[in-house]
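J.: Could you have a look at this structure, given as structure tokens, before my questions?
Just so you know, all these numbers are worked out from the coordinates, no wet-lab data involved. Every value quoted in this text rests on a predicted model; they were computed, and no experiment measured them. Neighbour counts run over all protein chains shown; Cβ positions are idealised from the backbone, glycine included.
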């Protein structure tokens, strides 16, 4: 319910949250290799209680109303496949980080042996209510293939999900579950290849109101098996559902305080910013939740907004950042020395990691990733005290620093520096200005300080101060590009997060807006309603401080049309544009005007529905358009994983199969090489048009039957083609024809004929329908 806020608000939180490493083991990881099978049923496993956490005491097994034996029996009853599994460990408490507020949960570790392979996963059962909290069942255990097309319809799967919930979570009996119909990420499986799944997400009514704090997630495969179940495990207190502030009053105040701002805004595709526009968007504070009891807007920490944010110029100081001028890249040792000269790292922490990489948002920025770690002890073995930094190897700029990488831990307080004195709020602000000048290139000309007023900059418990800087370009603020900085009471840097450049500098000429602020304001105001609901604030780390979750009754600004959630108003074209292109959105929104009556209409429509292809500005698919080899790899990669592109693992990109990183087809071909659909040593020409024979060769490789195809060079199927002499790779063509992927026409195979988008779509659907009929997975 709060997804509409993510695009525009919580910029500080988004940056700060990067400083925490969320080891969310509450969601079982699926399958993990086990050294050996457990041969006996273990129902009387010794119980252990979770150790003390940063925000909760160790749970007491004596207080459990639901025994471990009952918990194990319940999970087995719900998932009959587990009759062949064994229990290796049971303990009271979760493995989530930051820790869950409710530790009265049985944590059951399962082992399952299938042939020579062992698999492990976990289940969580509430020790007070008997509710199943979470379980994930891996497909090797089900021993069933649930491929496209599914045996169960979506309606049948939904009915199965509801009936399963009634058994799995009895505490929800009589509670209304509201299916999130408009949530594109939870409608059904995103990929054509692989196991078919329906994913359902329900909001839970509390006191008759929807609760954004509570979401129930259930995954049902195409055969009707429940493969994943996750419900809230919380002891949250829900306030009265009766608001002190009326909807009419809140709506009036919302309209009066609603503001829009002119920004350079990134447009994302496949997870990466592909271009920038000058656009109008709501100011952050305009879309904050409104406390239904006080009528005041609340921030992401649950505090009331007392004043509008103002932006102050950053004065230049004597000590400013100077890039290295040697002309050669920094070594890891030089980068580490630079960090140690700039910030104070505890003496007991020694340099333990030095890895090269690139900025995940900008492959052109090469980095050194450095870590300093204290000696490991039994108490800190899982998460030792660690300092982390990233340094631009070309310029020497520190782009990220975290004194304590694992935010939220209970760490010993660092001793005061020799001769140091604690700073007051004014002195801390001056110290932050000094630091930003040292850390950020030309900070005084490119940044402004976001002044939140009051005590916002003072960290809780008086342990330090925090600041937020807004990047400006050509005098206009840059969206999604804020910089955060925190210091302790002595002015020592604790954390610094700079997302780095993502391409807005390509806007050389300062564009002039064709839409006025007044026009933009009117366009936006009619697009939002206030919804009365419960919402949880907290449950995450900000500036290395864990914010305790609290449920509030709020009015949530919500787009009238859910598809407008990520849209902004282009200030030059006057068009509404999507800032984040979700491949799944095209499944319900794309309306192609050139498919009706086409021979491949059904196949192309299915690819549209799964986001494999999309319509152009004229709502056309252009089905008869000839495709290149690179286009084929793009189509087949999206059929396997819609989000295959746009995510960097942080390593420096290198040429793959002869294709350089600057090629538009690079990510698709890299993905194909990673899946071993092609060899990394191949010499591809992705820009060249794709012939039918070339497609046959790629199909043999994709199916991992290229060696088998070598035995089919003299197959009788080839003699049926009058142009068989023109076929060079006869084995690959014979394989494709035998599998029904390609066929001839008028007695000819036409090996040199160029493949169209429609023909490629037909082949992909045939591959999808071939799943489960071969000796190995297709497209995996």
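J.: Subtract the Cα-Cα distance of residue 780 and residue 114 from 0.36 nm times their separation in residues, and report this length gain in nm to one decimal.
T.: Contour length minus the Cα-Cα distance gives 237.8 nm.
J.: Sort 421, 165 by Cβ crowding within 10 Å, fewest neighbours at the top.
T.: 421, 165
J.: At 7 Å along the Cα-to-beta-carbon direction for both residue 626 and residue 531, put a label point, then send me their distance in nm to one decimal.
T.: Each label point lies 7 Å from its Cα, and together they span 4.9 nm.
J.: May I ask you to derive the FRET efficiency for residue 685 and residue 754 from their Cβ-Cβ distance with R0 = 22 Å, giving the value to the nearest 0.05?
T.: That gives a FRET efficiency of 0.95.
J.: If you don't mind, there's one more thing I want to ask. Which peptide among 514-524, 222-232 comes first, and what is the full order, when sorted by highest mean count of other Cβ atoms within 10 Å?
T.: Put in order of decreasing packing, that is 222-232, 514-524.
J.: For the ranges 666-675, 107-116, what's the packing order if you count other beta-carbon atoms within 10 Å of each residue, average per peptide, and put the highest first?
T.: 666-675, 107-116
J.: Cut-off is 10 Å between beta-carbons; in what order do 171, 457 appear when sorted fewest neighbours first?
T.: With the fewest neighbours first, 171, 457 line up as 171, 457.
J.: Sticking with this structure for a sec: Based on the mean of other Cβ atoms within 10 Å per residue, sort peptides 74-87, 620-633 so the most packed one is first.
T.: Ranking the peptides 74-87, 620-633 by packing returns 620-633, 74-87.
J.: Oh, and also: Distance in nm between label sites at residue 320 and residue 654, each 7 Å beyond Cα in the beta-carbon direction?
T.: Here the modelled spin labels are 3.9 nm apart.
J.: While we're here: Compute the FRET efficiency between residue 244 and residue 275 as 1/(1 + (r/R0)^6), taking r as their Cβ-Cβ distance and R0 = 35 Å, and round to the nearest 0.05.
T.: It comes to 0.15.
J.: Separate question: For residue 517 and residue 158, compute 0.36 nm times the residue count separating them, minus their Cα-Cα distance, and round to one decimal in nm.
T.: Using 0.36 nm per residue and subtracting the Cα-Cα distance, I get 124.7 nm.
J.: At residue 175 and residue 81, where each label point lies 7 Å from the Cα along Cα→Cβ, what is the point-to-point distance in nanometres?
T.: 2.6
J.: Please arrange 143, 376, 492 by counting, for each residue, the other beta carbons lying within 10 Å of its beta carbon, fewest first.
T.: Placing the least packed residue first, the sequence is 143, 376, 492.
J.: For a label point 7 angstrom out from the Cα of residue 207 toward its Cβ, which stretches of the range 287-306 have the backbone nitrogen within less than 16 Å?
T.: Residues passing the 16 Å test: 290-295.
J.: What's the extension gain from residue 474 to residue 129 if we count 0.36 nm per residue and subtract their Cα-Cα distance?
T.: Taking residue 474 through residue 129 to full extension adds about 118.4 nm, to one decimal.
J.: Could you calculate the FRET efficiency of residue 88 with residue 573 from 1/(1 + (r/R0)^6), where r is the beta carbon distance between them and R0 is 60 Å, rounded to 0.05?
T.: 0.50
J.: Next question, about the same structure. Which of the three applies to the range 583-770, rounded, prolate or oblate, going by the alpha-carbon gyration tensor with a ≥ b ≥ c and a/c under 1.5 meaning rounded?
T.: oblate
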